[in-house]
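Here the structure is laid out as structure tokens; the discussion comes afterwards.
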Amino acid sequence: MTAQRSSLRPATPSAARARRTLPGVRRTLCAASLALALAAGPAAAAAGGVEWPAARDTAAQVEKAGLTMLDTEQLAMHIHTTLEVFADGEQVTVPADIGIDRSGPEPLYSPLHTHDETGTVHVESAEWRDFTLGQFLTEWGAPREDTRFGAPLAWVDGRLWAGEADDLVLRDGETITLRYTSR
């Protein structure tokens, strides 16, 4: 037993000091991790994922995307595309109510919107036309290529998309996966 006990003792005084200060370092690291998780938002802290909240001024973002808010959901065109987003391997939650303005007595709707956090993008329009992923990302306020991330790579139903992700036309039943990586 004596030999085992002595082998567990620090070999040098500096090793003993390091061992005594380690609990303080652990507390600091735990506090820093908690602060980062809380800064990312409650959903990200709880799920361990990444959160990119929806833009606050829905009407302005919809206009920026070249679309118009409607007082009811239009159903001449009614399709659903699934969007999955990852940033450095962490899944990003697609927020509920992208493209829906609930600030007035009755909600206003963009032709491109979400109702929940499942990643289902609803395309509901008074006319049949092409709507793009770029329009939806503009409404959301999701980052494009910026100081944190390079341009995302896109996959459609598991196949790598060769063009720009913004140019993808939303199609019924398709799953679009975006993968962002840090610079």
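Observations on the model:
- The order of VAL169, VAL121, VAL85, going from fewest to most other C-beta atoms within 10 Å of their C-beta, is VAL169, VAL85, VAL121.
- 3J(HN,Hα) along segment 108-113, derived from phi through the Karplus expression 6.51 cos²θ - 1.76 cosθ + 1.60 where θ = phi - 60°, amounts to 10, 10, 7, x, 10, 7 Hz, with x in place of Gly and Pro.
- Label point distance in nm, ASP88-THR181, each placed 7 Å from Cα along Cα→Cβ: 1.4
Rule-based calculations on the coordinates, nothing more; no lab input. Given the structure is predicted, the values throughout are model-derived calculations rather than measurements. Glycine also receives a Cβ, built like all others from the backbone with ideal geometry; neighbour counts cover every protein chain displayed.
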